[in-house]
Amino acid sequence: MDTNGATTSSAAGGGSTSKSSSKKHSRKPVYSRFTQQELPACKPILTPGLVIATFTIIGIIFIPLGLVSLSASEKVVEIVDRYDESCVPSDYSNDKLKFIQNPSINKSCVRTLTVPKLMKSPVFIYYQLDNYYQNHRRYVKSRSDKQLRSVSDEKSTKDCSPEDKTVDGPIVPCGLVAWSLFNDTYGFSVNSKTIEVNKHDIAWKSDKEHKFGSNVYPKNFQSGGLIGGAKLNSSVPLSKQDDLMVWMRTAALPTFRKLYGKIEQDLQANEKIQVVIQNNYNTYSFSGKKKLVLSTTSWIGGKNDFLGIAYIIVGGLCLFLAVCFILLYVIKPRPLGDPSYLSWNRSPAGHPN
Amino acid sequence: MARIRKRSIQLSKLCSFACCRSSSQDEHAQIGQKGYSRVVYCNEPDSQEQIRLRYRRNYVSTTKYTAVNFLPKSLFEQFRRVANIYFLVVACVSFSPLAPYSAPSIILPLVVVIGATMAKEGVEDWRRNLQDIEANNRKVEVYDKSSCSFRQTKWKDLRVGDLVKVCKDEYFPADLLLLSSSYEDVVCYVETMNLDGETNLKLKHALNVTSFYSSAESLKEFRAVIKCEDPNEHLYSFIGTLYFDCQQYSLSPQQILLRDSKLKNTEYIFGVVIFTGHDTKVMQNATDPPSKRTKIERRMDRIIYVLFSTLILVSFIGSLFFGIETNNDLSGGNYTRWYLRPDKTTVFFDPRRPAVAAFLHCLTGLMLYGYLIPISLYVSIEICKVLQSIFINQDQAMYDEEMDRPAHARTSNLNEELGQVHTILSDKTGTLTCNSMEFVKCSIAGTLYGRGMTEVEIALARKRGEQLTEQAPIDASESKKSFKGFNFRDEHIMDGKWVSEPQRDVIQKFFRVLATCHTAVPEVMGPDEIMYEAESPDEAAFVIAAREVGFEFFARNQTSIKLRELDPTSGIRVDRVYELLHVLEFSSARKRMSVIVKNPENQLLLLAKGADSVIFERLSKEGRAYEERTKEHIEKYSEAGLRTMAVAYRELDNDEYKTWEQEFLKAKTSVSADRDVLMDELACQIERDLILLGATAVEDKLQKGVPGCIDKLARAGIGIWVLTGDKRGTAINIGYACSLLRHGMKQIVITLELPEILAQEKEGDKEAIAEASLNSIKLQILKAKSQVTEESSTEFGLIIDGKSLTYAMDKNLVNSFMDLAMRCATVICCRSSPKQKAVITRLVKSVTGRTTLAIGDGANDVGMLQEADIGVGISGVEGMQAVMASDFAIAQFRFLERLLLVHGHWCYRRISMMICYFFYKNITFGFTLFWFEAYTSFSGQPAYNDWYMSCYNVFFTSLPVIALGVFDQDVSARLCLKHPLLYQEGVRNILFNWPRILGWMFNGLLSSIIIYFLTTNSITGPAFRKDGQVADYSVLGVTMYTCVVWTVNCQMALSINYFTWIQHLFIWGSIAFWYIFLVVYGSIPPTLSTTAYKVLVEACAPSILYWLTTLLVVIAALLPLLSYRAFQIRFQPMEHDRIQIQRRRPESTEYDATQRRLSESSEARTSSELPSEVRIRIDNLKASSKRKN
């Protein structure tokens, strides 16, 4: 078109500099599907069919899943016994605090539990505390992972205050978590025959091997002015103190269970289990409950109806929505009240359904 | 030599001497005083005096930062953002025990985010630095006194006082005083495109006294001192005095050569450096362009404030409860929660001072819930925008083959604004039209010459429904001699045939005027090839036309113009020399130009060409012989969309000329403020009693694809205003040609060319005229408004001229005028000045509050481009000024369609989705923290490990968002263009209105509730694995976090419409990365990984419950959005939903066919029906949106 462009005025051909350079190389963008934004793509659209299909599929998968979980949870046998109230002698029932804080009073207490169904081994023993804030920021931070791990870091107790050191040197293990170690104990017997409680396999393997040192021994523990919870045998290394390790895995919520031990024998239905409880731990000052829990497990873990029910509810909701949409499309197939379909967007041939 | 001297004296008579004498008095008063203190010792840059003055070197730096100040300055820039300051404060406080998590985990993300932004700044500045280095190291020849010769030096080493030699087509390295040039009469030609965008050549001439220094030897002796003004930004003024040879000579802008302009048509010049580096006028002029922010960004700021308030509220609630709980720790003298040791506690948890603890806790809360504010939002948006603009630059559909120019996004921060344009304000010349002028017709002595139809005529004919017999490739045979700028076909005149025409004298005079009355400069390229450098393309077209007819202009110098023309009697081509006496230049106010020449027959002639109105009122009685018919023809021409000029001449009486010249020279050399007025008056005195010869018609060619593009934009509901300097008729016709005005449209014309106003103007009472005009405009506007409201179903086109516009802009009228204008589909403002263009743009912007886009190509559009929300420059032929001031540069107007409807729409959608999603994901995350807090007695313990949290925004959720912001498309480009109405989504801002934003936030809140409560209830409490272990704090954290990562990424998958492998990679990759991260982080020693140690491998992965919970929570958290979308598509589908679904349907092919038929017929009929339908639809939309508001 402008082969003769060069003969005319430069005003009409101001782009002359670019023209000459174009001979060398064009500035035309290089074609690729990427740069032209034409990559092959899947474009999911929520068409009625897809919506109905999605909801139906979710429903079909979720309801059976829920039923399976629910039945797994049903198979679990669980005994829960709250003992904090009943283990206080009646003359102290108005001043439980005095009872628990007086070391000279005998704290033992006997409870009888009835096994409702056959409990297959292993039966897990838990203690459950209520209204106990192991997740309080002050509490969670009050520990020293370094110190727990190796002897050489014995002195790193900066986060542990006020349970960091005594006049004799640093406390091992330091901090509020260790200091408040749970110290109720349970003894089990059936028909006067003591049941062995395995207290050795209750901590996480990683805790034993890596977090708690095998050459770190308790030192100056519970020797300060105020005694918190349990004392530790200072001749046993931390990596063998399972109770401590369990306790130091702080709970997520104020109501929590922690493993106490395992009973490695079956408990027959209707058996009466005698439990001798040393009710030492003070939950009375903050009105926390204490419960003893015996439970078997299934693949889903402990007794957990919530998951199954939640699955069934969500699945049911999806099926309900699917039905709603099916009805919507069957009964009222064409959208009404939409002005735009009256204008240019309407085509004579469009929307037969 | 003698001859040269004689010539220069002759020239100096015209300018220099007179200059000095008349103007020296008032200038002298100023020299040496404040503002006029600069002293330059010419040719003595090494002298003590010069060095003592310490003027700057010629080194120029345009970078924002230097190596030294980069760190502090760019950090300062970064922390001007509120959000960043917040994060900085948080980072500082994180070292105190107040912090809920460890300091490095909060500082690292901040460092990453700030570092990325600073790196971007740094790279940009480095590029500028490279440009500076290139400019500073250019070579220039500097005079070396010791060797009496020129040697090469770098630009940056130039000093004030240096003598330099600049050769043809080189740029001036600094502001120079012209001493002498290769021309005998010491003139030179300069192109100032880089300064003002004008491509025409400007003539500069040196003082006569310095003209002798035209060789290297003679310069050795040259000594002079210049005293002049201090550096300033006025390009067109200069005041100074040259002290030379014990004499004083005044200097004017005529002798100053400015940096960055280019020497043309002159072999070389010598000059003295006056201003260097940043003192030069061009650098003094360099101001940062106004920084523009998009509406979305401004709204985003407001959302951030909302989030800040939420943050403060949430922390306040938290600290309130914390205070109560802490207070309860001490009840009746007993410490309740003894395991916290409240008796020996710090101030943060002290039950004896719960208020203080609560207050300090509030600070902790502010840090903890800081995840509500997305730290990476700004940097992610910036990354997205840069990538988006790369896509704009790379779009092949916006590449212009002819010019070899792709589209160029000059700023990346306005991309999404492109999708919200409500009104386009367009320049006409060079934007809608090519600005390539073709001489097509002329009327000489009342006879029409030139056949052939213009494009406008074709469009008009089509509009009238005339069936055109396809113009046989008319010019196939004749066009072997076709030139750009010339499209004139007439066998009566061409090839010397004019000689046998009856009016041959007039024809001869007519073309002589065209060949002499101009400021073009010929450039002889070869034996038969002459190029012209002209001020405007019109002028070039005239000169070319004259040449083609046989009046070849081939040489000019300061005093003469040489033509080679056919002698009608002998039939031989002879050279004729016209002595050029004066040029009365063209200005937009004068609307005419004329030259005074002495022809070879020694006749004094005034040759003039100009706007018809101006020329006609200056005709003598006897010169009106052809007036009627010429007027008729001009009318006809302008109807056909042609630009017309009337051509006239006058023979001057010798005495009259002499007296006039004296006065004129005096006026010319005066420096008083009213110099221009004086000169105009004098020009008027001589430009009278003209004799009309005829009129020319030049076609302003429409750019390719303009009508189609405008039609599309109109169908997208974008209002288009054309602001042009043309007269009403031309503007209306161009309007029709490019389908701005359509057949079914009603025109509303607001004008002051009414009989009663004209009558008043003759009386001349200025105040009365103003008042009458104002009233008249008011009346017209009111009348038009009532008309528009009455016939609301028809489309209207408003046409208003510049003069009326000044009255319509009156502050009492402006609102009703804008109201009227907004109701019209098209507004054409004719006869508007550049300043008016900018004012109108500002008005449209402020009155409507909507996004405006200005598009233009010339220096006169710069104001408009900078004023508008978006300035689009056409990188056309009128230089780069508009492009430099623009935000986007495209090569052709028609690319605007794609830029707006495709890229604008996409970018708007992407950015708004992205921001909404950003808030969603952070609210989801932030509120799970809050719910957890509620179960820790608001103690400020975060639910997750520190490093999970700090990686949230940076690793697990950022890439999918960026992919969304860069790649998402609701519909393909083809469909965007096919359904322009889709664009209304952006104009009405329905993807980023408050309900939608709040909806997303609510969705986030809902997600967080579902995640928190489902997870805690499923996982905690009884054993979560077969081996009887229970879920502790770390397991709950991992499970919840897993659910959050899955949920937010799946929500993303649900809300994007375009899944390429990139999206798949990023979304599923982010989720996979979370697991990888857990494994890797969990395997480093427990003192570092703390609660994350082996948590996935040992605790979670073997638990079926963990996986089941994840599935349940994710699906449950997705349900609200899924069902909402399903219902929405069913009951209130959005435009893009509808198009997507239609595309899916099997019968869509049929639908497509109908659509195509409709659109084709609409184009053929210049769309009389369709747009009105669109109009109704848009009105409906507007009405509904109004109702909502």
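Observations
- Going through (1) among the hydrophobic types (A, V, I, L, M, F, W, C); (2) without any contact (Cβ under 8 Å) to a residue 24 or more places away in the chain; (3) under 22 Å from A:Thr283 (Cβ atoms); (4) more than 11 Å from chain B (Cβ to nearest Cβ) one by one, A:Leu232 falls short only on (2).
- Residues in region B:1016-1035 that are of a type in the set (A, V, I, L, M, F, W, C) and either more than 7 Å from chain A (Cβ to nearest Cβ) or surrounded by fewer than 23 Cβ atoms within 10 Å (Cβ to Cβ) (or both): B:Ile1019, B:Val1035.
- Which numbered condition A:Ser121 fails, given (1) among the hydroxyl-bearing types (Ser, Thr, Tyr); (2) at the interface with chain B (Cβ under 9 Å from one of its Cβ atoms); (3) within 27 Å of B:Arg1025 (Cα to Cα): (2)
- Subset of region B:1111-1120 that is within 13 Å of A:Cys318 (Cα to Cα) and more than 8 Å from every other protein chain (Cβ to nearest Cβ) - its residue that is surrounded by the fewest Cβ atoms within 10 Å (Cβ to Cβ): B:Pro1120
- Contact annotation: residue pairs with Cβ atoms under 7 Å, 6 or more positions apart or on different chains, pairing a residue in region B:947-958 that is in the same structural domain as B:Val1045 (by the TED database) and farther than 17 Å from B:Met367 by Cα with a partner that is of a type in the set (Gly, Ala, Ser) and outside any helix (DSSP H, G or I), are B:Val954/B:Ser376; B:Ser958/B:Ser376.
- Taking region A:252-327 as the region of interest, the strands (runs of 3 or more DSSP E) fully inside it that hold 2 or more residues being more than 12 Å from every other protein chain (Cβ to nearest Cβ) are A:272-278, A:290-295.
- Condition check for B:Val597: crowded, with 22+ Cβ neighbours inside 10 Å and either within 14 Å of another protein chain (Cβ to nearest Cβ) or closer than 28 Å to B:His492 by Cβ (or both): yes
- Restricting region A:56-82 to residues that are touching a Ser or Thr at 6+ places or on another chain (Cβ under 6 Å) and buried (at least 17 other Cβ atoms within 10 Å of the Cβ), the residue that is farthest from the other protein chains (Cβ to nearest Cβ): A:Val77
- Residue within region B:1060-1081 that is of a type outside the set (A, V, I, L, M), crowded, with 22+ Cβ neighbours inside 10 Å and closer than 30 Å to A:Asp130 by Cβ present: no
- Any hit, region B:1142-1151, residues being more than 30 Å from A:Gly59 (Cα to Cα) and either modelled with pLDDT of 55 or more or crowded, with 20+ Cβ neighbours inside 10 Å (or both): no
- Considering region B:810-917, the qualifying strands (runs of 3 or more DSSP E), each wholly inside and each with 2 or more residues that are crowded, with 24+ Cβ neighbours inside 10 Å and among the β-branched types (Val, Ile, Thr), run over B:826-830, B:851-856, B:870-874.
- Unmet criterion (only one of (1) on the phi > 0 side of the Ramachandran plot; (2) away from chain A (no Cβ under 14 Å); (3) surrounded by fewer than 17 Cβ atoms within 10 Å (Cβ to Cβ)) for B:Val186: (3)
- Scanning region A:26-55 for residues that are of a type in the set (D, E, K, R), within 24 Å of B:Ile1062 (Cβ to Cβ) and either within 41 Å of the chain's Cα centre (by Cα) or within 7 Å of another protein chain (Cβ to nearest Cβ) (or both) yields a total of 1.
- For B:Glu985: the one exception among (1) closer than 20 Å to B:Thr936 by Cβ; (2) acidic (Asp, Glu); (3) more than 10 Å from chain A (Cβ to nearest Cβ): (1)
- Unique residue being more than 23 Å from B:Thr730 (Cα to Cα) and surrounded by 12 or more Cβ atoms within 10 Å (Cβ to Cβ) when the list is B:Lys803, B:Lys778, B:Lys766: B:Lys778
- Count of residues meeting criterion [within 36 Å of the chain's Cα centre (by Cα), more than 17 Å from B:Met818 (Cα to Cα), assigned to a helix (DSSP H, G or I) and of a type in the set (A, V, I, L, M)] in region B:745-798: 1
- Every test in (1) within 30 Å of B:His905 (Cβ to Cβ); (2) touching a residue at least 12 places away in the same chain (Cβ under 8 Å); (3) among the polar types (S, T, N, Q) is passed by B:Ser1034 save one, and that test is (1).
- Region B:197-237, residues that are over 43 Å from the mean Cα position of the chain (by Cα) and aromatic (Phe, Trp, Tyr): B:Phe212, B:Tyr213, B:Phe222
- Enumeration of residues in region B:208-265 that are at positive phi and out of contact with any strand residue (DSSP E or B) (no Cβ under 9 Å at 6 or more places or on another chain): B:Cys246
- Residue in region B:991-1001 that is within 14 Å of chain A (Cβ to nearest Cβ) and surrounded by fewer than 24 Cβ atoms within 10 Å (Cβ to Cβ) present: no
- Segments classed as helices (runs of 4 or more DSSP H), wholly inside region B:37-116, with at least 1 members that are of a type in the set (Phe, Trp, Tyr): B:70-78, B:82-93
- A search for C-beta distances below 7 Å between a residue of region B:534-550 that is touching a residue at least 40 places away in the same chain (Cβ under 8 Å) and facing another protein chain (nearest Cβ under 10 Å) and any residue that is of a type in the set (A, V, I, L, M) and in a helix (DSSP H, G or I), counting only pairs 6+ apart in sequence or on different chains, returns B:Ala534/B:Ala540; B:Ala534/B:Val543.
- Looking across B:Lys658, B:Lys712, B:Lys727, one residue alone is within 30 Å of B:Lys785 (Cα to Cα), modelled with pLDDT of 85 or more and not hydroxyl-bearing (Ser, Thr, Tyr). It is B:Lys712.
- Considering residues of region B:319-349 that are more than 10 Å from chain A (Cβ to nearest Cβ), under 60 Å from the mean Cα position of the chain (by Cα) and not hydroxyl-bearing (Ser, Thr, Tyr) only, the residue surrounded by the most Cβ atoms within 10 Å (Cβ to Cβ): B:Gly323
- Matching residues in region B:397-408 - criterion: being buried (at least 24 other Cβ atoms within 10 Å of the Cβ) and touching an Asp or Glu at 6+ places or on another chain (Cβ under 8 Å): B:Ala407
- Of the helices (runs of 4 or more DSSP H) lying entirely inside region B:965-1080, those containing at least 3 residues that are among the hydrophobic types (A, V, I, L, M, F, W, C) span B:973-978, B:994-1019, B:1033-1055.
- The listed residue being over 17 Å from A:Cys160 (Cα atoms) and in a loop (DSSP other than H, G, I, E, B), out of A:Asp201, A:Asp207: A:Asp201
- For region B:1090-1110, taking the residues that are in contact (Cβ under 8 Å) with a residue 24 or more places away in the chain and more than 8 Å from every other protein chain (Cβ to nearest Cβ), the one that is surrounded by the fewest Cβ atoms within 10 Å (Cβ to Cβ) is identified as B:Pro1102.
The values are calculated or read from the model by the stated rules, or taken from the named source; none is laboratory data. Since we're looking at a predicted model, the values are computed, not measured. With ideal geometry, Cβ positions are generated from the backbone for all residues, glycine too; neighbour counts draw on all protein chains shown.
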